[in-house]
Amino acid sequence: MRAGYCASRSRHASLQTGPRKRWRTLPAIAAAFATTCAAQDFDAIERPLWEAGLGVGGITLPHYRGSDSRANLLFPVPYFVYRGEHLRADRNGVRGKLFDSDRIELNVSLGLSLPVKSSQDEVRRGMPDLKTAVEIGPSLAVTLWHSAADRTRLDLRLPVRLAVTVESSPRAIGWIFSPNLNLDVANVGGLPGWNLGLMAGPLFSTARYNQYFYSVDEQFATAARPAYRAQGGYSGSMALASLSKRFRHVWFGAFVRYDRLGGASFENSPLVRQKDALAAGLALSWIFGQSSTYVPSRE
């Protein structure tokens, strides 16, 4: 299952989340939840080079996009923010910044997908389990518009990632492309420190990726689950809203995500049981350590 991610206040965008294909990961959930959003002029503020903390979060989401089985998870949320010049870690995951200009950024971004035990998913029963998968690839972010004080920003994000299973013999399971529009609003509704993120866009994935999740080989076919071979292409769409606030030593974040599979190249797979799905989560982290070195930061 891929855990949904919060939309980002930072321009240094990745796992957006992430967007797209399955849901976003436990570490990615933690990254999505665990970062600060300031309520000041984002070009002028200085923040600690790093901050660390720990909290707890909960999420409810389908086993995979199209599944009618759900997972309800309670998990620790490690809070870690690193604001290096070329390496950053925050709610968007871990990113190496390859290129940066006033309006364009090219980053290396990471993502992770959660495993699914087929014995716990009725429609997949008897099929191979879905393994944990690491995703890695470039992400281009283009700023389309921002307000004078940079408290509101609209970005176009173009992440492309290769998914690789985490097992004794790792294997590549395909590519995912999830272009999206991302709107970040600081001090939303005039409430200091409350930050809103809105993100939406289509999803595209290769045949190999879709086959991993949605194909049914002849040997696993049943009367209720006929053989099926998934094709690549359009994989539906998603929309996500997130809200967060940094208190003095506490960070709070929440999100809700909607996925739509109507028109997806694999929508006729017998493993697709519903074409609309919601995921939601919230987290609370306590920040207990920070660097004595401060660096310029626009978040």
### Query
By average Cβ neighbour count within 10 Å, what is the ranking of 183-191, 145-153 from highest down?
183-191, 145-153
### Task
Assuming R0 = 45 Å, can you tell me the calculated FRET efficiency for the pair Leu191 and Arg273, based on Cβ-Cβ distance, to the nearest 0.05?
0.70
## Note on the structure
When the charge dipole of the stretch 163-241 is computed with +1 on Lys and Arg Cβ and -1 on Asp and Glu Cβ about the Cα centre, the Cα farthest towards its positive end, among Gly197, Tyr212, Thr165, belongs to Tyr212
### Query
Hey, with R₀ at 25 Å, roughly what FRET efficiency would Gln290 and Arg103 work out to, going by the Cβ-Cβ distance, to 0.05?
0.25
## Note on the structure
In nanometres, the difference between 0.36 nm per residue of separation and the alpha-carbon distance of Tyr234 and Ala200 is 10.8 nm
### Task
State the Cα centre-to-centre distance between the stretch 149-213 and the stretch 235-258 in whole Å.
13
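Any read-out appearing in this document is the output of simple, stated calculations on the displayed coordinates, not a laboratory observation. Remember, it's a predicted structure, so these values are computed and weren't measured experimentally. Here Cβ is always computed from backbone atoms with ideal geometry, including for glycine, and neighbour counts include all displayed protein chains.
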